[in-house]
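**Q** This structure is in structure tokens; I'll ask about it shortly.
The values are calculated or read from the model by the stated rules, or taken from the named source; none is laboratory data. Remember, it's a predicted structure, so these values are computed and weren't measured experimentally. A quick note on method: Cβ atoms are made from the backbone with ideal geometry, for glycine too, and the neighbour counts reach across all protein chains shown.
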């Protein structure tokens, strides 16, 4: 409750550093109480600080999404749209093959994911289905996002440079991967 009040009081977002700093202060207070024998044991002694190396994510607003997607060139526009619609990771989209997509049943299957739990069925929204339908119709190879027009046998490797150019040009600031954590759409 004190953390929420702190947020409301200052108007600043709560960060890992601010939580860790308050935990350090709290531990110091209880350590002094123990050393003065006011209490026998600190109730916060075993509480660990939050990991400092965890990334902060930017939740993309609907307005930012609209501006960003209008400014994207292909294939970035399709990749980002699929990330927003399905919560798939960029590399899962880059390696997507036509045989993994079942438009009739409205899903695609990820079979070679990063971890065992990332192998899954991904249900498709109408927008995601339309993007994949066009890709399947226009792509002459197995990969729906081929490396380039000359090399159809290899998947797209990455499009971060295109993403960075786009967000810089339109004045937004977020990572391509932030499109994964966007709230899922209703189907």
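**Q** Identify, please: which residue in the stretch 34-63 is within 30 Å of residue 80 (Cα to Cα), in contact with a helix residue (DSSP H, G or I) (Cβ under 9 Å, 6 or more places away or on another chain) and surrounded by 10 or more Cβ atoms within 10 Å (Cβ to Cβ) and is, among those, modelled with the highest pLDDT?
**A** 60
**Q** A further question on this structure: Consider the stretch 59-75. How many of its residues are in a loop (DSSP other than H, G, I, E, B) and within 15 Å of residue 164 (Cβ to Cβ)?
**A** So the count comes out to 2.
**Q** A further question follows. Does at least one position in the stretch 76-99 carry a residue that is surrounded by 15 or more Cβ atoms within 10 Å (Cβ to Cβ), in a loop (DSSP other than H, G, I, E, B) and at positive phi?
**A** Yes: the stretch 76-99 contains one or more residues that are surrounded by 15 or more Cβ atoms within 10 Å (Cβ to Cβ), in a loop (DSSP other than H, G, I, E, B) and at positive phi.
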